[in-house]
Amino acid sequence: MKPILKIITLIAVAASAATITGCAASPSLDSASSRQAALTAGKPLKIYILVGQSNMQGQAQETTLPYMALDPKTRPLLDKIVDENGKPRVHENISIAAFSQDGPWSGPYYDVEKHGALTVGYGSALQSDSLLGPEVAFGITMQEHDNQPILIIKTAWGGKSLCHDFRPPSAGLPPVNEKTEAQWKKDGTYEAQMAAYKERVGRFYRLMMKHVNTVLADPGKYSKAYDPEQGCEIAGFVWFQGFNDKVNDYYSVGGNRHNREYGPYSDLLAHFIRDVRKDLDAPKMPFVIGVMGIGGKPEEDDPFRKAMAAPAEMEECKGNVIAVRTANYWDDALVEAAGKVSKLWDMKNNAYTLTREGDIDPKSIAAPGWQSVGNPPPEKRVWRYVTFDIDEDKQYRNLLKGEEGDVRFFNEDMPAPYADWRRPDFADSAWPSGPAPIGKGDLKVKIPEEHSAWGEGNMLLMRTNFELNPADYEVFRIVIMANQSYNVYLNGHKVATYVWWKKGGSYRAFELTKEQAAFLRNGTNVLAVQANISPKDPAANWVNAMLEGMSADDYAKLIKLYDSVCTPEDIETAKGKSNQAYHYLGSAKIYSQIGEAFANALIELKNN
């Protein structure tokens, strides 16, 4: 079943509660759903609600799934998630309706709803089919226990707090800072500001209820196993959130952000449990609290973890609320391996950094043995360069959504006068000339006395010649300093590209493959760079580039150094990570174990 993806706009208003059993009637079942209907015959459709922030969304790339095969404890679960070819299974007996927010990092953001049979692809970016979170293992485990088709409703948004964003109605409004309130009154905007404040607080609680009730109003749209005569049953609720509340200043004592009292989080979560049960007319609905476990160390129960778990010990919640300690599934081996791979990456790719005095910081030279090559030497080379304005929307970094996920690109199309600028025989004699670096603005470090001015345009093209005998070296790399996006060419062939912002004074390195090194000629070579002004700092950018080489003996020593830092086994293990530590390393293994634990916790509540 192909998932149905829809970009939608919702008004953040509270929705009326849906009946738990006997949901609204929906169209009759088609023949394709007959097997599901047979399993559900005489039973209400069981519905499970998953809610939270980015870790409930799920940040794990599908590529991290094979790591689960390395551990005998998680191999059986992996076999349920993927088929014999390693491809994600589509679980026809498990339906899911997911609602979240999507869009490029810089915005704008838009609401997205996606539903279909459960498989990989219901993670943080719903427009991508390669991300997953706890929902996959949760659904598999839960459906096996129930032995009937189930429907998961998942609503999650990254970077949202319980204190403000998910704040439950019965908790009331948090007080406005006295100085802020006084300023509103002074400006004469108090009424408007308070109205906007009331709209912001609890907005994602209301969006959550809006989506849940949309699904409950027409469950047949989301699950072909739904029988209107039997209705549906909300069989459990899982809450997996907390990072923003832990790190922000909502719970600071006396304005000291390093001294926080998290008791109010426990109170808010208790209100949240009561309110969702009331709004869903499910007074004893089984409720799972996913206690944040970033960093592991389950034996060290910090104050925030205690505050998250506390509602499960309340008298009214005993037997129907349970806390799952997700720190138990933290992967120290993955952290260690990923750290080694990161160190190896830095050694290979971070050439060096300039000090504030403009000298090379000796501590930053990670990979010894490299030396600048070619005559004249880099500091004596003459660059020809030109700057001009281009359409920022077409040429600057962009973020697109496609079948392969996020695609960042830097357009290479040039205006007619510069269409062939990369070719070695391009006539650049009329361009301005001078030494590198070429730039403008503040470099954040001392600018060399010998340099060239960028000019007024937002795009820079620069070229230089040097003489070289490639046979004198075993390997080569490009070393470049630039604040923003760039492409690097050797004799007309692109050999390096980068699309991120980088602080001025830092040099990155790109080792050439054997195929790329073959572009070098015995004799005259042309090194060319295309770069643009950084949107983060449009007043400044400095660019310099050079070719470095290494002898066979030195390269053999360097390989031994690399192996001492990071083994092939470390590299294989590190493939289990795809995101930051605060996203449980973007690890399918961690998220899947957490999802399985959530399901088992609900099963425990049911058995009690």
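The values are calculated or read from the model by the stated rules, or taken from the named source; none is laboratory data. Everything numeric here is computed off the predicted structure, so don't read it as measured data. All Cβ positions, even for glycine, are placed from backbone atoms using ideal geometry, and neighbour counts span all protein chains on display. Quick note on the areas: whole protein, heavy atoms, side chains included, nothing else; ligands and nucleic acids left out. Shrake-Rupley method; radii C 1.70, N 1.55, O 1.52, S 1.80 Å.
Entry for segment 304-358 at q = 0.17, 0.28 Å⁻¹: log10 I(q)/I(0) = -0.72, -1.05, Debye formula applied to identical alpha-carbon scatterers, no solvent contribution. Solvent-accessible surface of protein heavy atoms, probed at 1.4 angstrom with all chains present, puts 589, 278 in the order 278, 589, largest first.
Would you kindly give the portion of the calculated P(r) for segment 39-86 that falls above 16 Å, as a percent of all Cα pairs? When every Cα pair of segment 39-86 is considered, 61 percent fall beyond 16 Å. For residue 467, the accessible surface of its heavy atoms amounts to roughly 90 Å² (probe 1.4 Å, protein chains only, rounded to the nearest 10).
Legend: distances between Cα atoms for 278/318; 446/502; 221/318; 87/494; pairs beyond 26 Å are 221/318; 87/494.
Starting from one equal scatterer on each C-alpha and no solvent at all, send me the Debye-based log10 I(q)/I(0) for segment 63-212 at q = 0.12, 0.18, 0.19 Å⁻¹, two decimals. The Cα Debye sum returns log10 ratios of -0.67, -1.10, -1.17. Calculated over segment 152-235, the projected area of the Cα convex hull averaged across directions stands at 7.7 nm². What percent does the relative contact order of the chain come to when contacts are Cα pairs within less than 8 Å and at least six residues apart? It rounds to 19 percent for the chain. The spread of Cα positions in the chain, taken along each principal axis and listed from longest to shortest, comes to 83, 68, 50 Å.
In degrees between 0 and 90, to the nearest 10, how far off the longest principal axis of the chain does helix 332-349 point, with axes built from Cα atoms? Result, in degrees: 20. Axis of helix 203-217 versus longest Cα principal axis of the chain: the two differ by about 60°, to the nearest ten degrees. Treating each Cα of segment 205-292 as an identical point scatterer and summing with the Debye formula, the log10 of I(q)/I(0) at q = 0.15, 0.19 Å⁻¹ comes to -0.71, -0.96.
Once you wrap a convex hull around the alpha carbon atoms of segment 436-554, what is its projected area averaged over all directions, in nm²? Its average projected convex-hull area is 7.6 nm². Computed about the Cα centre, the dipole magnitude for the chain is approximately 580 debye when only Lys and Arg (+1) and Asp and Glu (-1) carry charge, each at its Cβ.
Mean projection of the Cα convex hull over all viewing directions, computed for segment 455-519: 5.4 nm². From helices alone, the chain scores -8000 deg cm²/dmol at 222 nm; the rule is -39500 (n - 2.57) for each run of n ≥ 4 DSSP H residues, then divide by the residue total. Between residue 500 and residue 565, the C-beta separation translates, for a Förster distance of 22 Å, into a calculated FRET efficiency of about 0.40. In the chain, the longest principal axis of the Cα atoms and the axis of helix 552-565 are about 20 degrees apart.
Return the FRET efficiency for the residue pair residue 427, residue 379: r is the Cβ-Cβ distance, R0 is 35 Å, and the value is rounded to the nearest 0.05. So, using R0 = 35 Å, E works out to roughly 0.85. The portion of the accessible surface of the chain made up by carbon and sulfur, rounded to a whole percent, is 50 (1.4 Å probe; DNA, RNA and ligands excluded). Ligands, DNA and RNA are left out, and with a 1.4 angstrom probe the accessible area of the chain is 45 Å² per residue. Within segment 53-119, report the GluC sites (Glu not before Pro) that DSSP leaves as loop and that have at most 14 other Cβ atoms within 10 Å. Of the GluC sites (Glu not before Pro), the ones in loops of segment 53-119 whose Cβ has at most 14 other Cβ atoms within 10 Å are 84.
Quick check: from the Cα gyration tensor, does segment 41-127 come out rounded (a/c under 1.5), prolate or oblate? Here segment 41-127 falls in the oblate category. Within a straight-line Cα-Cα reach of under 12 Å, residue 154 can be paired with the following aspartates and glutamates, leaving aside sequence neighbours fewer than 8 residues apart in one chain: 113, 135.
Mind giving me the nanometre distance, one decimal, between the label points for residue 364 and residue 186, set 7 Å out from Cα along Cα→Cβ? Placing both labels 7 Å beyond Cα along the Cβ direction yields 4.3 nm. With bins 5 Å wide beginning at 0, the percent of Cα pairs of segment 135-275 falling in each bin runs 2, 8, 14, 16, 16, 14, 11, 7, 5, 4, 3, 1, 0. When DSSP beta bridges are restricted to pairs lying wholly in the chain, around 70% turn out antiparallel.
For the pair residue 355 and residue 90, a Förster radius of 56 Å applied to the C-beta separation gives a FRET efficiency near 0.50, rounded to the nearest 0.05.
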